[in-house]
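Notes follow once the structure below has been shown.
Bear in mind that the values in this text are calculations on the coordinates, not laboratory data. All values reported here derive from a predicted model rather than from experimental measurement. Because the Cβ atoms are built from the backbone with ideal geometry, glycine has one as well, and the counts that use them run over all protein chains shown.
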Amino acid sequence: MIGLPAGTQVWLVAGHTDMRRGFDGLASIVQETLEQNPFSGHVFVFRGRRGDRIKVLWWCGDGLCLLAKRLEQGRFVWPVAESGSVYLTTAQLSMLLEGIDWRQPRRSWIPEAV
């Protein structure tokens, strides 16, 4: 995972996005649909119709970065809403990119005694 600067916000774009879109197409969704600035330094995450592909758009200060990922098994966990966006922490983004359910992470083991 790329180290994001402190204060960077991560936004999941609800619904599904045409994964054929590139830098300009995704930036226009951020600007027109979410009414946010794609050059703000925040991270915007888009999911394809089948749920096995995502694209991440991020302005790093001197250019747009576009990360694409396809899961070979399973689907990315996504909000049910058809429009709008959902805020994530950078830790939740890391879990999302690993294919982990970021909504209710559970520790696999909790100590019971010292």
Report, please, the projected area of the chain averaged over directions, based on the convex hull of its C-alpha atoms, in nm². 8.7
Using only DSSP helix segments of four residues or longer, with each worth -39500 (n - 2.57), what per-residue ellipticity at 222 nm results for the chain after dividing by its residue count and rounding to 500? -4500 deg cm²/dmol
Which order, highest average first, do 18-28, 59-69 follow once you tally other Cβ atoms within 10 Å for each residue and take the mean per peptide? 18-28, 59-69
Ordering of 44-52, 83-91 by burial proxy (mean other Cβ atoms within 10 Å per residue, highest first): 44-52, 83-91
Using the Karplus curve 6.51 cos²θ - 1.76 cosθ + 1.60 with θ = phi - 60°, what ³J(HN,Hα) values do you get for each residue of the range 54-67, in whole Hz, with x for Gly and Pro? 9, 10, 10, 10, 8, 8, 8, x, 10, x, 7, 10, 10, 10
Could you size up the charge dipole of the range 1-105 around its Cα centre, putting +1 on the beta carbon of Lys and Arg and -1 on that of Asp and Glu, and report it in debye to the nearest 20? 340
Rg/Rh (Cα only; Kirkwood hydrodynamic radius) as it applies to the range 48-94: 0.98
Among I54, I110, I100, what is the fewest-to-most ranking by other Cβ atoms within 10 Å? I110, I100, I54
